[in-house]
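Before any comments, here is the structure.
Quick note: the coordinates plus some simple rules give every number you see, no bench work behind them. Predicted model only: the values in this text are computed from it and were never measured. We place every Cβ from the backbone using ideal geometry, glycine too, and count neighbours over all the protein chains shown.
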Amino acid sequence: MSLKDNLAYVKRNIERAAFKVNRDPAEITLVAVSKTVEIDAIREVYALGQVDFGENRVQALKPKSEALPEARWHMIGQLQTNKVRDVVGSACLIHSLDRWNLAEEIDRQARLKGIRMPVLMEINIAGEEQKAGIEPVDVESFLDAIGQLRNIQVQGFMTMAPLSEDPEQARPVFNELKAWHQRLKACRYKNVDLRWLSMGMSQDYEVAIQEGANIIRVGTAIFH
């Protein structure tokens, strides 16, 4: 299948999953994960109308965002504090805020560049030791503390379900994050606007949509 066919296939699946739970597919943002993908293939997918792309490594995000600045670039991978400078201003959204010292550095770099950086808090719902993310028990105190940082805005939550060949295995994880999102969305925290729920990848994005995701991160299904 061509890139055009792959993208169309994913979009049909998005529509089907959304209609299944009476959601509007237009409210779901598809981030095409372009890690290890050459810029020519990315340009081809962009020409087909795909605007949002995700990278998990800073050394790839920066040159690709410079080569295709009209696209919206998302930083979806784990971020080291010494690489923050190259991401702030290049990415439209950082999906992987997973610790306090990273929040401080994002805020500092955003202040130096005179911008306010949108981020998502990565929450380790599945409780896997090898996965990054803030523990659910610490989420509320973290949101409360974000009020100290003027140049960062938490715009939602992100999580990764355990890898499984059965997409249904991810459903409890997605359902739990949705519950956190809905409950805390009603609370008022300074510098927090919980508009986004980023969950679901190539193997489980349809389940994620059924459970409330409005950002999905799909790479292999598009670029294979």
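Below are the figures for this structure:
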quantity: Val51 being surrounded by fewer than 16 Cβ atoms within 10 Å (Cβ to Cβ) and under 16 Å from the mean Cα position of the chain (by Cα); calculated: yes
quantity: Breaking point among (1) closer than 15 Å to Ser198 by Cα; (2) without any contact (Cβ under 8 Å) to a residue 40 or more places away in the chain; (3) surrounded by fewer than 16 Cβ atoms within 10 Å (Cβ to Cβ), for Arg12; calculated: (1)
quantity: Pair list, Cβ under 7 Å, 6 or more apart: the stretch 203-218 residue over 16 Å from Ala26 (Cα atoms) and in contact (Cβ under 8 Å) with a residue 12 or more places away in the chain, other residue surrounded by 23 or more Cβ atoms within 10 Å (Cβ to Cβ) and of a type in the set (Ser, Thr, Tyr); calculated: Val218/Tyr205
quantity: Inter-residue pairs, beta-carbon under 9 Å, first under 10 Å from Thr29 (Cα atoms) and in the stretch 46-57, second part of a loop (DSSP other than H, G, I, E, B) and acidic (Asp, Glu), 6+ apart; calculated: Val51/Glu70
quantity: Among the candidates Ile125, Ile94, Ile115, residue that is crowded, with 21+ Cβ neighbours inside 10 Å and assigned to a loop (DSSP other than H, G, I, E, B); calculated: Ile125
quantity: Selection from the stretch 127-170 of residues that are within 16 Å of His95 (Cβ to Cβ) and out of contact with any strand residue (DSSP E or B) (no Cβ under 7 Å at 6 or more places or on another chain); calculated: Lys131, Met160, Ala161
quantity: Some residue of the stretch 91-100 being of a type outside the set (A, V, I, L, M, F, W, C), within 15 Å of Ala132 (Cα to Cα) and in contact (Cβ under 8 Å) with a residue 40 or more places away in the chain; calculated: yes
quantity: Filter pass, Lys4 being assigned to a helix (DSSP H, G or I), of a type outside the set (S, T, N, Q), touching a residue at least 12 places away in the same chain (Cβ under 8 Å) and touching an Asp or Glu at 6+ places or on another chain (Cβ under 6 Å); calculated: no
